[in-house]
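In what follows, a single structure is set out as structure tokens and then discussed.
Values quoted throughout were computed directly from the atomic coordinates according to the rules given, and no laboratory measurement underlies them. In this text the structure is predicted, and so the values were computed from the model without any measurement. Don't worry about glycine lacking a Cβ; one is built from the backbone with ideal geometry, like all the others, and counts go over all protein chains shown.
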Amino acid sequence: MADSKTNPAEDAVEEIEQPQSRRKAIVGIAVVILALVGTGIWWRSTFNEDTDDAQISGHLIQVSARINGHVAKVLVQENQVVKAGDLIAELDPSDYQVAVENAEAALATAEANAAAANVAVPITTANTGSNLQSAHADVSGSSASVEQAQKQLAAAHARVAQARANHVKAQADLDRYRPLVAKDVISKQQFDAAVASSDATKAALADAVASEQAAEDGIRVVHERSLQSQAMLRYAQTAPQQVAAQSARAKAAVAQVKQAQAALDQAKLNLGYTKIYAAADGIITRKSVEINQNIAAGQNLLTLVSLDDIWVTANFKETQLRRMVAGQPVEIEVDATGKKYHGKVTQIGGATGSVLSLFPPENATGNYVKVVQRLPVRIDFTDLKTEDSNHALRPGLSVEPKVRVK
């Protein structure tokens, strides 16, 4: 019976030992938890660098008009999602269609002028060649005419001398016959024959003198013709220059064709600019264009937020950059979606944010206080199409990147 009863002293010892064992277990668990927490903190501080000063960056495309115009159509609304190549707005094309037609007409005229100028080059070559040959022949002919006229003048001089000698002889005979006829030494008939002979030689002398004058006039004429033919020869000898000038005019006409073609191309470009397209996939924001609005070239019409090319700009402390290099993997946690994305370090900024601010700090005043600086680091997403297929990530969203530095 005594063995079957519980010993009060043993029960008391067991009650004291049980709380002690519980406390030891709790302490042990706490120690393990603290060790794990410490290990996690050490791991995180040793193998990873993170910051909450980070946000998503992207391209904000300012869509503007490239020409002046009157807005005929606006095909988008605020916050509308568009694809690259979608028509955003359209300007009235009437003025630019007329400009294209004028440019086409100017091009046709320039082409016709160029064709005529090019055809004129061989014609000018042939004409100048024939003119040169003709001028040489004229110079030769005029030289021969001069020689012939000089010979004719010499013959005229000889005839004048002969006629003068004959007239002198006839006059001398007449002078001798005059006293003889008065004394009836010779007959009246002989005297009349002497008078007629004197008159005849006088007339022959006058004719010879006239012929001599005509020969002298002929000399002047042939000299003038010779000078004229020589002048024509000198002009004809400019044939290479004339051909070169015509060739230059032909080249100028071809250049005018190119100029007219460029004007036509520009007119067609301006006509194409009447339609304004989205440059990339994105969302329309800050829309200020409306129908019937007159806009100027370069005027901003709206902002297109690109959703395809986005990245993270993280501002890390300078003490976190000791082991950070381009190419390290990054885990990115986004507050807006509650998801984690993957990326990699692409670039580390060239200067701190304070240096790039509008008013950089001046540390030469003597009141220097060391402040930990932050440097912007660019992080690119590595699998954005898969992880953000619905374009939930937007520029400006806050993120927390964690860079694996070991």
Could you pull the Rg and Dmax for segment 147-191, using just the Cα atoms, both in Å?
-> 17.1, 55
Unit Cα scatterers, Debye sum, the chain: log10 I(q)/I(0) for q = 0.06, 0.09, 0.11 Å⁻¹ | -0.68, -0.93, -1.05
Toy charge model, Lys and Arg Cβ at +1, Asp and Glu Cβ at -1: segment 128-233 dipole around Cα centroid in debye, rounded to 20, equals 360
Could you calculate the contour length gain from Ala172 to Lys275, that is, 0.36 nm times the residue separation minus the distance between their Cα atoms, to one decimal place in nm?
-> 25.5 nm
Given labels modelled 7 Å from the Cα in the Cβ direction, how far is it in nm from Val371 to Lys151?
-> 11.7
Magnitude of the charge dipole, the chain, Cβ model with Lys/Arg +1 and Asp/Glu -1, debye to 20 = 1760
Extended-chain gain in nm, criterion 0.36 nm per residue less alpha-carbon gap, Ile219 and Ser389 = 50.5 nm
Okay, helix-only estimate at 222 nm for the chain: each DSSP H run of n ≥ 4 adds -39500 (n - 2.57), divide by all residues, round to 500 deg cm²/dmol; what do you get?
-> -20000 deg cm²/dmol
Specify, per residue and in Å³, the volume enclosed by the convex hull of the alpha carbon atoms belonging to segment 227-267.
-> 43
Set of segment 276-296 residues, backbone N closer than 19 Å to the point 7 Å along the Cα-Cβ line of Thr337 | 281-284
For Gln347, other-chain or 5+-apart residues with amide H closer than 5 Å (H placed, Pro excluded) are Arg378
Across Lys385/Lys406; Lys73/Lys258; Lys340/Lys406; Lys268/Lys385, pairs whose alpha-carbon gap is larger than 30 Å = Lys73/Lys258; Lys268/Lys385
Taking the dipole of the chain about the Cα centre (Lys, Arg +1; Asp, Glu -1; charges at Cβ), the one of Val209, Val63, Ala144 that reaches farthest to the positive side is Val209
Please express the shape of segment 148-268 as an equivalent ellipsoid: the semi-axes are the square roots of 5 times the eigenvalues of the C-alpha gyration tensor, given largest first in whole angstrom.
-> 77, 12, 6
Identify, among Ala278, Ala106, Thr238, the residue whose Cα sits farthest towards the positive end of the charge dipole of the chain, taking +1 on the Cβ of Lys and Arg and -1 on the Cβ of Asp and Glu, with the dipole about the Cα centre.
-> Thr238
By how many degrees, 0 to 90 and rounded to 10, does the Cα axis of helix 94-182 deviate from the longest principal axis of the chain?
-> 20
Cα→Cβ-extended label distance, 7 Å offset, between Ala72 and Leu36, nm | 7.1
C-alpha center-to-center spacing [segment 212-250, segment 365-406] in angstrom = 89
Quick one: Cα centre-to-centre distance for segment 258-325 and segment 143-204, in angstrom?
-> 114
Semi-axes of segment 82-226's equivalent ellipsoid from the Cα gyration tensor, sqrt of 5 times each eigenvalue, largest first, rounded to whole Å?
-> 91, 17, 8
Computed for segment 288-406: size of charge dipole around the Cα centre, +1 on C-beta of each Lys and Arg, -1 on C-beta of each Asp and Glu, debye to nearest 20, value 680
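So what's Rg/Rh here for segment 173-232, counting alpha carbon atoms and using the Kirkwood radius for Rh?
For segment 173-232, the value is 1.50.
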Taking r as the C-beta separation of Arg286 and Asp53 and R0 as 45 Å, the FRET efficiency to the nearest 0.05 is 0.95
Above 21 angstrom, tally the Cα pairs of segment 103-172 and express them as a % of all pairs, no decimals.
-> 65
To the nearest 0.05, the calculated FRET efficiency linking Ala144 and Gln241 through their beta-carbon distance, R0 being 30 Å, is 0.55
Using θ = phi - 60° and the Karplus curve 6.51 cos²θ - 1.76 cosθ + 1.60, what whole-Hz ³J(HN,Hα) does each residue of segment 279-290 get, with Gly and Pro shown as x?
-> 7, 7, 5, x, 10, 7, 9, 6, 6, 10, 8, 9
What is the log10 of I(q)/I(0) for segment 281-332, computed with the Debye formula using one identical point scatterer on each Cα and no solvent, at q = 0.15, 0.23, 0.27 Å⁻¹?
-> -0.67, -0.98, -1.14
Hey, quick one: spin label on Ala203, modelled 7 Å out along Cα-Cβ, who in segment 144-183 has an amide N within reach, i.e. under 17 Å?
-> 163-164, 166-168, 170-171
For segment 250-406, calculate the relative contact order in percent as a whole number, restricting contacts to Cα pairs under 8 Å that are 6 or more residues apart.
-> 26
Beyond 20 Å, what share of the Cα-Cα pairs of segment 199-326 is found? Please give it as a whole percent.
-> 79
